[in-house]
Amino acid sequence: MDIEGAGAPFVAVVGVLGTLLSALLTQRAADRSRRREQERAERARARAREAEERRAGYVALNTASRQYLAALTDQVHTLLRAEDAPAVRQRLTEARDVHRDVYAEAQMRLPDTVLDLAGEITHALGTVYGRLRRLDDGDPRPGDSLGVAQAEIDALWERLRVLRRGMRSDLGVADRPAPDTGQLVDSGASRASSGR
């Protein structure tokens, strides 16, 4: 048997195996690349879901806080007019309950920087609520008055604007130029001029 003749089938076998292994390795590399791309896409979807959940939580907290504060304001006006308005009282109780539930959820989702301010506001809302309830019930404590309650409410509107700016900042929402003026537009500034 000739060595050169025996080598030819061996070279052919090695060539075929090389071709098969090359195809297999190429397939494995493509599979790994697809898996990495799928993992990247899944991480991007998870980040988008998380951002949307945070945004929804901020919207709910902002809405509930504003409604609670508006209900407190209505209660002050009702007491100033010396009216008995059970509907106003009921709205205040409902706004307080909604805010409590939204804040409880926010405690589990929001970053500490935003949550700290939200907690301060929640505490202050509860303080004003207690003061107004005592005044409404005719059992005020020393220092309880409608003037004090109104001053606390006015301060809370400003604190709520600060909270909203913090939430917007956390979401990466930046002020942008107005279409025709080149001036910055702050969505909170237009409402600030109305006192809210």
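The values are calculated or read from the model by the stated rules, or taken from the named source; none is laboratory data. Keep in mind it's a predicted model, so treat the numbers as computed, not measured. Glycine gets a Cβ as well: all are built from the backbone with ideal geometry, and neighbour counts include every protein chain shown. Each accessible area value is taken on the protein alone, full model and side chains, heavy atoms only, with ligands, DNA and RNA left out. Shrake-Rupley method; radii C 1.70, N 1.55, O 1.52, S 1.80 Å.
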(request) Work out the FRET efficiency for Ala48 and Glu158 from their Cβ-Cβ distance, taking R0 = 22 Å, and round it to the nearest 0.05. (result) 0.10
(message) Counting heavy atoms of the protein chains only and a 1.4 Å probe, report the per residue accessible area for the chain as a whole number of Å².
(response) 64 Å²
(request) Quickly estimate the mean residue ellipticity at 222 nm for the chain, helices only: each DSSP H run with n ≥ 4 gives -39500 (n - 2.57), and the total goes over all residues, rounded to 500. (result) -29500 deg cm²/dmol
(request) Could you list the trypsin sites (Lys or Arg not before Pro) in the range 1-81 that lie in coil according to DSSP, counting only those with at most 16 other Cβ atoms within 10 Å of their Cβ? (result) Arg81
(message) Taking R0 as 22 Å, what FRET efficiency do you get between Asp84 and Arg141 from their Cβ-Cβ distance, rounded to the nearest 0.05?
(response) 0.50
(message) I want the local charge near Glu52. Using Cβ-Cβ distances under 13 Å, sum +1 for each Lys or Arg and -1 for each Asp or Glu among the other residues.
(response) +4
(request) Identify the GluC sites (Glu not before Pro) of the range 1-104 meeting these criteria: DSSP loop state and at most 11 other C-beta atoms within 10 Å of the C-beta. (result) Glu83
(message) I'd like the carbon and sulfur percentage of the solvent accessible area for the chain, probe radius 1.4 Å, heavy atoms only, ligands and nucleic acids excluded.
(response) 56 percent
(request) Take the alpha carbon atoms of the range 60-129, find their center, do the same for the range 45-59, and report the distance between the two centers in whole angstrom. (result) 23 Å
(message) I'm spelling it out carefully: the read-out is semi-axes √(5λ) of the Cα gyration tensor in Å, the candidates are (i) 37, 21, 17; (ii) 68, 20, 11; (iii) 31, 19, 15, and one was derived from this structure. Which label?
(response) (ii)
(request) Please name which of Leu110, Ala46, Val16 has its Cα lying farthest along the dipole of the chain towards the positive end, using unit charges on Cβ (Lys, Arg +1; Asp, Glu -1) and the Cα centre as origin. (result) Val16
(message) Taking the full set of protein chains and a 1.4 angstrom probe, give the accessible area of Val14 in square angstrom, rounded to the nearest 10.
(response) 70 Å²
